[in-house]
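Since the structure comes first, as structure tokens, the remarks are kept for the end.
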Amino acid sequence: MERILVVGISGAGKSTLARSVSGVLNLPYHEMDALHFTGPGWAVDSGFAGEVSRLAAGPRWIVDSLDYPEVRDLLWGRADTVIWLDYPRRVIMPRVLRRSLRRTVTREVIFGGNRETWAGWLSREHPVWWAWSQHAARRREIEHRTRDPRFAPLETLRFRHPDDTAAWLASLGADRTPERRSGRA
């Protein structure tokens, strides 16, 4: 696992997992939302596709995204591993609700200096509405991609519950102890 793509619906925990795996495997982590949204008013970086192309050409990385059609195939084509957080709505919705509520109440600054707002909750683009309305479609899309012959060489790790993901992450860390890395296990 040298080039990892972490996918799933909004609120699944892609960024959190990607940061954790980055730490365990010492891979450079790139948060796609932070690369995409670079200014106030959710301004989009005009050089986004070029920046993602540059980082995807690198030998080692982990990114957290399924969005952004302009770089989707590029990332899937360069990755060697896909980690799919395929959690049911009953897991996703409380997570995305808590995160958005926290961000709104605390006025937490996120990508490009932006914030989630109470008015934003009325938009169909808001993470809560997006997670609810796009859950089935995203699941179908990822399923299709994992079976697409273009991406056949990818190793796909599909986790259907956070406990399974946590157990895998713990085992990944255990496999990276100094004894195992040096071959003395």
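The values are calculated or read from the model by the stated rules, or taken from the named source; none is laboratory data. Nothing here was measured: the structure is a model prediction, and the numbers come from that model. So basically every Cβ, Gly included, is an ideal-geometry build from the backbone, and we count neighbours across all protein chains shown. Just the protein is used for accessible areas: all its heavy atoms, side chains included, with ligands, DNA and RNA removed. Shrake-Rupley method; radii C 1.70, N 1.55, O 1.52, S 1.80 Å.
Within the range 50-80, being assigned to a helix (DSSP H, G or I) and exposed (fewer than 14 other Cβ atoms within 10 Å of the Cβ) holds for Gly50, Arg54, Pro69, Glu70, Asp73, Gly77. Kindly indicate whether any position in the range 136-146 is without any contact (Cβ under 8 Å) to a residue 60 or more places away in the chain, hydroxyl-bearing (Ser, Thr, Tyr) and either part of a helix (DSSP H, G or I) or loosely packed, with under 14 Cβ neighbours inside 10 Å (or both). Among the residues of the range 136-146, not one is without any contact (Cβ under 8 Å) to a residue 60 or more places away in the chain, hydroxyl-bearing (Ser, Thr, Tyr) and either part of a helix (DSSP H, G or I) or loosely packed, with under 14 Cβ neighbours inside 10 Å (or both), which makes the answer no. Restricting attention to the range 18-38 and to residues that are open to solvent by 50 Å² or more (accessible area, probe 1.4 Å) and among the hydroxyl-bearing types (Ser, Thr, Tyr), the residue that is farthest from Pro162 (Cα to Cα) turns out to be Thr38.
Out of the residues in the range 98-124 meeting the condition of being open to solvent by 70 Å² or more (accessible area, probe 1.4 Å) and of a type outside the set (D, E, K, R), tell me which one is nearest to Asp45 (Cα to Cα). Residue satisfying both the conditions and the ranking: Val109. Listed by first and then second residue, the pairs linking a residue in the range 149-163 that is within 15 Å of Ala79 (Cβ to Cβ) to a residue that is at pLDDT 95 or above and hydroxyl-bearing (Ser, Thr, Tyr), with Cβ atoms under 8 Å apart and 6 or more places separating them unless they lie on different chains, are Leu154/Thr81; Glu155/Thr81; Thr156/Thr81; Leu157/Thr81. Against the test of being modelled with pLDDT under 95 and over 17 Å from Phe151 (Cβ atoms), the options Ser53, Ser46 yield a single qualifying residue, Ser46.
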